[in-house]
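What follows is one structure encoded as structure tokens, with my remarks underneath.
Each reported figure results from applying straightforward, stated rules to the coordinates on display, with no laboratory input. Note that this is a predicted model, so its numbers are computed, not measured. Methodologically, a virtual Cβ is constructed for each residue, glycine included, from the backbone with ideal geometry; neighbour enumeration extends over all protein chains shown.
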Amino acid sequence: MASKDFYSILGIEKTASKEEVKKAFRKLAHQHHPDKKEGNVDKFKEINEAYSVLSDDKKRAEYDAYGKTFGDTGGQQGWEGFQGFDFANAAGGFDFDLGDIFGDFFGGGGRGRTKRGHDISMDTELSFEESIFGVEREIMLNKTSVCQTCEGNGAKKGSATETCPTCNGKGQIREVKRSIIGSFSTIKTCPTCLGRGKVAKEKCESCGGAGVDKREQKIKVSIPPGIEDGEMIRLAGMGEAVSGGIPGDLYIKIHVRRHHLFHKEGNNLVMNLHIKLSDALLGSEYPLTTLDGEIKLKIPEGISFGEMLRIKGKGVPTGGSKRGDILVKITIDIPKKLSRDLKKVVEELKKGGI
């Protein structure tokens, strides 16, 4: 043990707190656990050995002082490294399912968890108008889906099924699994019947008996009115299908193109309108293109800079026939240069107290 640097093994400083030791162990145990595809038994033992020392105040003090712990057994500590580690309280902070380490050892594979296909995520772009009023889109996805020929049972049409000879109809098989703490019996989904307990006498020609196949599929998506930029739509069960399980979900992230005139504020559409000084003083009418078509907006005389005009019922749909409003913020354009005649007019206005 004296030749090993336990701090380097866990990737921490000598001043690391007990919580930092615990976090480092969790991360590395997840990465190198032998049950995982990229796992490493020797590395996992080494991590476990380092944690068993550095998580114990007495052993850590001995190790810091002498480079070893007294009464050690040459590093073959096996299960000891997990003693004193509160898995129940730490589970919320783990990056992995504790069943990965312990579930299979005690038959955890038979807990009845249903297999679930992968989720799919994608992006779609909408015009501003489509985001306000809603739209129905058709998208094409190349994904694993339930076989249309056999409807997921893996059997050729008209073919009978029989009890799976591998699992005797249980849908699961028991295997002996070796680990650093001995040999344990594990329960796995039967690879022959994929958990169904039944196999077809004649397999489906389309999917080869898997019950799923990969193909291009057209999906209709209803985008609701008033959807926001960056909002996510979830379509349950429209993700990847999996043999003997339930499909994942489809997530669609919405991107809304900017409008040249309007932006949203709640259920209202807001815009800026530039008007002439004379129109602000005397009043006028301005043509305005809304999302519903052309209207004429009446500008009252004497309107102030920054004043807001409201056009009712032309905003974002809020359910049924109700809608928000359009809010028009007035900006008065002041001319930078005046002709001689206009200057005289302004001087007269000035004399009149305007």
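Scanning residues 5 or more positions from Lys198 or on other chains, those with amide H under 5 Å from its amide H are Cys164, with H placed 1.01 Å from N in the peptide plane.
Residues whose amide H lies under 5 Å from that of Thr186, counting only those 5 or more places away or on a different chain, are Glu175, Val176, Lys177; hydrogens are built 1.01 Å from N in the peptide plane.
Taking 0.36 nm per residue of separation and subtracting the Cα-Cα distance, full extension of the segment from Thr290 to His263 would add 8.5 nm. What FRET efficiency comes out for Leu235 versus Glu129 if R0 is 25 angstrom and r is the Cβ-Cβ distance? Round to the nearest 0.05. Computed FRET efficiency for Leu235 and Glu129: 0.60. Determine the alpha carbon to alpha carbon distance for each of Lys157/Lys203; Lys276/Lys336; Lys143/Lys203; Lys36/Lys188; Lys298/Lys337 and list only those over 19 Å. Correct reply: Lys143/Lys203; Lys298/Lys337.
Of Lys264, Lys198, how do they rank once you tally other Cβ atoms within 10 Å and put the fewest first?
By the 10 Å Cβ count, ascending, the order reads Lys198, Lys264.
Taking 1.567 mPa s as the viscosity and 4 °C as the temperature, the Stokes-Einstein diffusion coefficient of the stretch 257-325 based on its alpha-carbon Kirkwood radius rounds to 98 µm²/s. Considering only beta bridges that DSSP places wholly inside the stretch 263-351, some 65 percent are antiparallel. Extension gain, Lys329 to His30, is 101.9 nm, computed as 0.36 nm per intervening residue step minus the present C-alpha separation. Partners of Lys58 within straight-line reach, counting aspartates and glutamates whose Cα lies under 19 Å from its Cα and excluding those fewer than 8 residues away in the same chain: Asp5, Glu13, Glu19, Glu20, Glu49, Asp72, Glu80, Asp86.
Scanning residues 5 or more positions from Arg323 or on other chains, those with amide H under 5 Å from its amide H are Thr318, with H placed 1.01 Å from N in the peptide plane. Taking a straight line from the alpha carbon of Lys43, these lysines sit under 18 Å away, with near neighbours fewer than eight places off in the same chain left out: Lys4, Lys22, Lys23, Lys27. Label positions at Glu301 and Glu347, each projected 7 Å from the Cα along the C-beta direction, are separated by 2.5 nm. Here's the list of aspartates and glutamates a cross-link from Lys170 could span, going by alpha-carbon distance under 16 Å and ignoring same-chain residues fewer than 8 apart: Glu162. Classify the stretch 136-269 as rounded, prolate or oblate, taking a ≥ b ≥ c as the square roots of the eigenvalues of its Cα gyration tensor: rounded when a/c is under 1.5, otherwise prolate if a/b is larger than b/c and oblate if not. Note, shape of the stretch 136-269 comes out oblate.
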